[in-house]
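Peer 1: Quick one: structure below, then a few questions.
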Amino acid sequence: MNTNSTLSSFRRPAVLVGAGLCLLAGLLPAADKKEPPLENYLDLSAGYTLQKGDRPGFQKFIQADKDGFGGVEGLFLTKELNDTTTLVLQGHALAGNRDYLLDLTITKNEVGFLKFGYKEYRVWYDGLGGFLPATNFRRQLYNEDLAIDRGNLWFEAAYTKPDHPRFDLRYDLFTRKGTKDSLAWGDTGLAVNSANVRGLLPSFWKIDEKRHQLAANVVKTSDQNSWSLGLRYDKGDYTNTRNENRRAGEAGFDRKVTQKEGQDYDLFQVRGSYENRIHDKLMVTTAVARTTVDTTLSGSRIYGQDYDAIYDPAFLNRQQRDEGFFGLHGESQMKQTVANVSARYRPTEHLVIVPAFRFEKIDWSNKVDFEETNFGATKLPINDEVEADSEKNWKVISESVEARYTGVKNVSLNLKGEWTKSEGDLSELRLLEPGTPLQAVSIDRDTNFERNTQKYAATANWYVRPGTTVAVQYFYKIRTNDYNSPRDNTVSTADRYPAYIANQDFETNDFNARLSTKLGATLRSVTRYDYQKTTIRTQDLGLAFDQSANMTSHIIAETLTWNPLNRWYVQGGINVVWDTLRTPASALTGAAGGLVKNSDANYVDFNLGSGYALDDASDLYFDYSLTQSKDNFVDNSTRTVAYGSEAKRQLASVTWTRKLDRRTSVTLKYAYAKNDDVPSGGFANYEAHLFYGKVQYRF
Amino acid sequence: MAPGGNGTEIGCESCHGAGSVHVKKGGGAGSIVNPRTSPETCFKCHQDKRGEFSLPSTHPVLAGKMSCADCHSPHAGDMVAEGGTNFGGINSTCLKCHTSQGGPYVFEHEAAREGCVTCHSPHGSVNAKMLKARNQNLCLQCHFQQQTAPGVILIGGRDHSSFLTRGTCWSAGCHEAVHGSHVSSSLRF
């Protein structure tokens with residue numbers, strides 16, 4: 001967290017934080033410079049917002065609580081416990097933002113260290129659902145203020161005595177809990193009519209994940225070589241539910257769907273590495289790891305009057321084809337072996353060659369059984385016991401050669417070629433009413449696949465003169481995927497994913513160039529251009545190859561930094577982006593016409609920042625940013641749900657900092673934020689005034 | 001470093017700032033710029049990424065809750081610590097935090113083997129969930145097939161014209177299990 005624009009609290013760091021710090025530092029009274037530096041500090045801060053419009057959307061943008069926050073923004077404390085032992089404590093605790101950190105390290109020189117800590121932060125989401133411009137339809141079904149809290153508790157102990165093997169033992173607990181939006185929107189007959197339903201109703205996830213991780217490592221390093229051996233054990237579980245409301249508010253049709261996905265898993269990994277400097281010109285590194293993951297699976301998808309309902313075959317609002325399942329139980333086992341070896345060979349002073357090889361083998365088996373539920377035309381329940389399993393085995397072999405050459409004056413060149421070959425087998429079996437006279441095969445399929453990837457990259461940097469660099473980079477990548485199903489009982493039906501795709505080729509050309517230069521004594525410019533074009537060609541079973549996608553992006557970026565005075569800097573930057581994804585679907589006619597529009601993601605991002613040292617103790621900063629997506633939205637809501645982006649978001653702020661004395665400084669900040677969004681019909685618009693203050697005490 | 005002297009500014013200090021205090025102190029945190037605490041160092045050359053992180057759907061890097069180094073290894077060769085001959089497999093960077101998306105699934109989505117970036121723009125997007133496209137094109141980029149009849153949109157051999165009036169493939173109630181499924185090979189749910 002920077003100390004000038006503390007509002008990364010208000011989301012956006014100052015454009016040139018480093019320069020800002022220099023302003024104040026460069027103008028400090030001479031007397032201060034003679035004092036020993038004060039390393040420790042305590043920052044107390046508070047922020048508050050006045051806001052109208054889409055409050056969850058605003059909160060998601062600034063990633064801070066819309067109702068304000070306050071507390072300890074930063075704490076740094078170092079203390080010499082004795083001649084050889086040091087304590088370092090870092091932390092923060094911002095109530096409202098649920099942003100907490102306690103990071104304690106005790107180090108004993110030439111013996112080792114102990115670490116203990118806890119970190120928690122919140123990520124906000126907006127539960128806004130869909131909007132249909134044609135009828136001005138939108139529904140709010142629940143509190144759309146959603147957030148996930150991520151937590152990490154750790155303890156680490158290490159023995160680091162010089163000339164001895166280093167031992168390290170670490171325990172982590174990772175948690176993820178809360179609610180977030182889902183794009184699997186519920187359908188509604190109220191947007192158009194009951195015969196033309198549209199998926200617009202907001203859905204949300206409930207997330208509850210936990211993972212314990214214990215890792216032990218030993219490393220021995222000498223002048224010529226080093227080796228390491230590591231063990232890792234993970235134990236994790238999660239139960240996540242997606243909550244969807246279908247036909248909300250429609251008499252006889254309103255029902256809630258709760259889909260639960262659960263896992264309980266154990267991961268065990270052993271790994272080792274060895275690095276050997278064979279002679280001055282050659283160093284070889286190799287590593288190997290073996291991992292097994294055993295997982296117990298659970299889940300259900302149940303329709304009911306409320307979320308988390310129990311399956312009821314006579315549920316009043318049930319509809320034909322309300323498909324679901326319950327009582328899912330299963331097991332999965334994954335075994336993975338990875339090994340790689342690389343060499344760094346320097347035959348001459350200006351040439352480095354790095355060949356590398358990697359091998360990976362994965363065997364995966366999964367098996368579940370569950371009760372599948374459905375309703376027929378007369379709403380009579382249709383239930384089946386189902387068993388499903390799959391076996392996946394594949395190998396990946398990758399090779400690469402990289403060469404770096406610096407034999408040309410003021411030029412560095414880098415070339416790399418990479419080749420990956422992967423092949424494997426996927427067998428799938430799905431049985432209805434297994435082990436009974438009614439047993440039927442739903443899916444019995446065996447698919448062989450082969451993937452080949454080639455990538456060639458070249459990079460050149462030309463240091464034209466001191467302060468001026470031209471950098472260019474190009475890569476070409478092609479991947480061909482071939483699928484063959486020697487056994488497939490689904491060929492005569494429409495439900496045969498993924499066996500329907502027989503071949504698929506991906507091809508990418510990527511180029512970028514950058515010019516960094518000084519334009520006089522006070523002005524610095526960085527200009528960059530990026531181009532990428534990707535095509536995907538797809539051949540389905542029995543059909544011809546067709547170009548299924550064409551993606552092109554152009555990005556032009558410019559940054560100017562101007563230091564007209566020692567006490568004043570100005571920096572401005574702009575990105576102009578043209579980004580398109582085209583599929584042949586937009587050209588279809590008849591019943592398929594107008595359903596799928598081109599997917600454009602064009603936008604402009606502009607930022608301007610300035611800092612000025614008012615006197616030897618005060619700085620003033622100004623920031624402005626504009627992000628505008630344009631020409632990405634086509635209102636085809638008379639045919640389907642209109643998707644796309646057309647929004648304009650602005651944030652302006654002014655920050656004043658003053659150093660009251662050697663120990664104390666204050667920061668005050670005001671920011672204004674505004675968002676205008678077209679596809680949401682204005683429901684994602686917001687306007688906000690943000691106020692923030694901080695006191696820092698150094699000691 | 002290239003000979004000639006013009007590139008002497010390009011080295012450790014181009015990302016970490018002046019190192020004299022760091023050297024004088026004998027190393028250690030707090031005496032030198034740590035790019036992990038702010039993405040501004042990376043944006044100096046990768047300006048396009050500043051724009052992407054400013055978009056409506058993004059990882060919280062500008063908010064200070066993540067750093068570029070959480071996904072990239074700035075001192076390694078090709079920056080991303082996965083794929084190719086790197087030790088980490090494809091997607092391993094994403095699955096560090098998004099563990100539940102990694103499965104396992106009885107019926108997997110092939111796209112996951114192509115990489116999460118087949119559907120997601122990891123630095124940011126104008127679309128929700130950092131999707132490369134918000135409409136049906138996201139799926140059609142791989143699942144558009146040669147059309148053998150006029151006036152329809154055949155996907156997997158079945159006409160989807162009426163289905164697509166409800167919305168996208170995954171938000172119209174038809175293919176919600178986008179990362180994989182235990183119960184349905186067509187990734188219904």
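The values are calculated or read from the model by the stated rules, or taken from the named source; none is laboratory data. The structure presented is a predicted model; accordingly, all values stated were derived computationally and were not measured. Don't worry about glycine lacking a Cβ; one is built from the backbone with ideal geometry, like all the others, and counts go over all protein chains shown. Surface accessibility is based on the protein's heavy atoms, side chains included, excluding ligands, DNA and RNA. Shrake-Rupley method; radii C 1.70, N 1.55, O 1.52, S 1.80 Å.
Okay, residues lined up against (1) of a type in the set (A, V, I, L, M, F, W, C); (2) at pLDDT below 90; (3) in contact with an Asp or Glu (Cβ under 8 Å, 6 or more places away or on another chain); (4) over 29 Å from A:Tyr603 (Cβ atoms):
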{"position": "B:Leu95", "(1), (2), (3), (4)": "yes, no, no, no"}
{"position": "B:Glu110", "(1), (2), (3), (4)": "no, yes, no, yes"}
{"position": "B:Ala128", "(1), (2), (3), (4)": "yes, no, yes, no"}
{"position": "B:Gly180", "(1), (2), (3), (4)": "no, no, yes, yes"}
{"position": "B:Val183", "(1), (2), (3), (4)": "yes, no, yes, yes"}
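Peer 1: Could you list, in sequence order, all residues of segment A:150-173 that are over 23 Å from A:Val111 (Cα atoms) and open to solvent by 20 Å² or more (accessible area, probe 1.4 Å)?
Peer 2: Answer for segment A:150-173, where residues must be over 23 Å from A:Val111 (Cα atoms) and open to solvent by 20 Å² or more (accessible area, probe 1.4 Å): A:Arg150, A:Asn152, A:Leu153, A:Leu173.
Peer 1: Restricting attention to segment A:652-670, does a residue exist that is within 23 Å of A:Gly96 (Cα to Cα), touching a Gly at 6+ places or on another chain (Cβ under 6 Å), of a type outside the set (Ser, Thr, Tyr) and open to solvent by less than 60 Å² (accessible area, probe 1.4 Å)?
Peer 2: no
Peer 1: When you check A:Gln504 against the structure, is it open to solvent by 60 Å² or more (accessible area, probe 1.4 Å), outside any loop (DSSP other than H, G, I, E, B) and touching a residue at least 12 places away in the same chain (Cβ under 8 Å), yes or no?
Peer 2: no
Peer 1: While we're on this one: Does segment A:397-422 hold any residues that are in contact with an Asp or Glu (Cβ under 6 Å, 6 or more places away or on another chain) and basic (Lys, Arg), and which are they?
Peer 2: A:Lys416
Peer 1: Any residue in segment A:114-130 that is open to solvent by 40 Å² or more (accessible area, probe 1.4 Å) and out of contact with any Asp or Glu (no Cβ under 9 Å at 6 or more places or on another chain)?
Peer 2: No - not one qualifying residue is present in segment A:114-130.
Peer 1: Another one. State all residues of segment A:470-487 that are at pLDDT 95 or above and open to solvent by less than 50 Å² (accessible area, probe 1.4 Å); if no residue qualifies, say none.
Peer 2: Answer for segment A:470-487, where residues must be at pLDDT 95 or above and open to solvent by less than 50 Å² (accessible area, probe 1.4 Å): A:Val470, A:Ala471, A:Phe475, A:Ile478, A:Arg479, A:Thr480, A:Asn481.
Peer 1: Go through (1) away from chain B (no Cβ under 11 Å); (2) open to solvent by 40 Å² or more (accessible area, probe 1.4 Å); (3) touching a Ser or Thr at 6+ places or on another chain (Cβ under 6 Å) one by one and return the number of the condition A:Asp446 breaks.
Peer 2: Single failed check for A:Asp446: (2).
Peer 1: State which residue is farthest from the other protein chains (Cβ to nearest Cβ) when the search covers only segment A:330-358 and only residues that are in contact with an Asp or Glu (Cβ under 6 Å, 6 or more places away or on another chain) and under 24 Å from A:Asp264 (Cβ atoms).
Peer 2: A:Lys335
Peer 1: Could you tell me which of the residues A:Lys395, A:Lys416 is part of a strand (DSSP E or B), under 30 Å from A:Arg465 (Cα atoms) and of a type outside the set (Ser, Thr, Tyr)?
Peer 2: Being part of a strand (DSSP E or B), under 30 Å from A:Arg465 (Cα atoms) and of a type outside the set (Ser, Thr, Tyr) holds for just one of A:Lys395, A:Lys416, which is A:Lys416.
Peer 1: Within segment A:605-645, how many residues are open to solvent by 10 Å² or more (accessible area, probe 1.4 Å), among the charged types (D, E, K, R) and farther than 24 Å from A:Glu558 by Cβ?
Peer 2: 4
Peer 1: Of the residues that make up segment A:184-206, is at least one polar (S, T, N, Q), open to solvent by 20 Å² or more (accessible area, probe 1.4 Å) and under 27 Å from A:Tyr118 (Cβ atoms)?
Peer 2: Checked segment A:184-206: no residue is polar (S, T, N, Q), open to solvent by 20 Å² or more (accessible area, probe 1.4 Å) and under 27 Å from A:Tyr118 (Cβ atoms).
Peer 1: Further question on the same structure: Can you find, within segment A:301-359, the residue that is modelled with the lowest pLDDT among those that are among the acidic types (Asp, Glu) and surrounded by fewer than 16 Cβ atoms within 10 Å (Cβ to Cβ)?
Peer 2: Top of the filtered list is A:Glu349.
Peer 1: List the helices (runs of 4 or more DSSP H) that sit entirely inside segment B:94-182 and contain at least 1 residues that are buried (at least 22 other Cβ atoms within 10 Å of the Cβ) and in contact with a helix residue (DSSP H, G or I) (Cβ under 6 Å, 6 or more places away or on another chain).
Peer 2: B:137-143
Peer 1: I need the full set of residues from segment A:530-555 which are within 9 Å of chain B (Cβ to nearest Cβ), part of a strand (DSSP E or B) and open to solvent by 50 Å² or more (accessible area, probe 1.4 Å), in order please.
Peer 2: Correct list: A:Phe545, A:Gln547.
Peer 1: Another question about this same structure. Quick one: in segment A:181-223, which of the residues that are within 11 Å of chain B (Cβ to nearest Cβ) and hydroxyl-bearing (Ser, Thr, Tyr) is nearest to the chain's Cα centre (by Cα)?
Peer 2: Taking the candidates together, the pick is A:Ser182.
Peer 1: Which helices (runs of 4 or more DSSP H) does segment A:1-88 wholly contain that include 3 or more residues that are open to solvent by less than 50 Å² (accessible area, probe 1.4 Å) and either farther than 26 Å from A:Asp103 by Cβ or modelled with pLDDT under 50 (or both)?
Peer 2: The qualifying helices (runs of 4 or more DSSP H) are A:17-26, A:55-62.
Peer 1: Looking only at segment A:587-604, filter to residues that are within 20 Å of A:Ser548 (Cβ to Cβ) and part of a strand (DSSP E or B); which one of those is farthest from the other protein chains (Cβ to nearest Cβ)?
Peer 2: Looking at residues that are within 20 Å of A:Ser548 (Cβ to Cβ) and part of a strand (DSSP E or B), I get A:Asp600.
Peer 1: Within segment A:508-529, count every residue that is open to solvent by less than 50 Å² (accessible area, probe 1.4 Å), at the interface with another protein chain (Cβ under 10 Å from one of its Cβ atoms) and under 16 Å from A:Ile574 (Cα atoms).
Peer 2: Matching residues across segment A:508-529 total 4.
Peer 1: Could you check segment A:236-271 and list, in sequence order, the residues that are closer than 22 Å to A:Val218 by Cα and surrounded by 15 or more Cβ atoms within 10 Å (Cβ to Cβ)?
Peer 2: A:Leu267, A:Gln269, A:Arg271
Peer 1: Next up: For the list (1) touching a strand residue (DSSP E or B) at 6+ places or on another chain (Cβ under 6 Å); (2) more than 7 Å from chain A (Cβ to nearest Cβ), I need the number of the one condition that B:Gln146 fails.
Peer 2: It is condition (2) that B:Gln146 fails.
Peer 1: Considering only segment A:567-586, I want to know if a residue exists there that is among the acidic types (Asp, Glu), open to solvent by 50 Å² or more (accessible area, probe 1.4 Å), within 30 Å of the chain's Cα centre (by Cα) and more than 9 Å from chain B (Cβ to nearest Cβ).
Peer 2: no
Peer 1: Answer with yes or no whether A:Arg176 is buried (at least 16 other Cβ atoms within 10 Å of the Cβ), within 12 Å of another protein chain (Cβ to nearest Cβ) and either modelled with pLDDT of 95 or more or touching a helix residue (DSSP H, G or I) at 6+ places or on another chain (Cβ under 9 Å) (or both).
Peer 2: yes
Peer 1: Tell me the residue from B:Arg166, B:Arg113, B:Arg134 that is closer than 24 Å to B:Phe53 by Cβ and at the interface with another protein chain (Cβ under 9 Å from one of its Cβ atoms), please.
Peer 2: It is B:Arg134.
Peer 1: Next up: Go through segment A:520-555 and give me each residue that's farther than 25 Å from A:Thr453 by Cα and touching a residue at least 12 places away in the same chain (Cβ under 8 Å).
Peer 2: Matches in segment A:520-555: A:Thr522, A:Leu523, A:Arg524, A:Ser525, A:Val526, A:Thr527, A:Arg528, A:Tyr529, A:Ile555.
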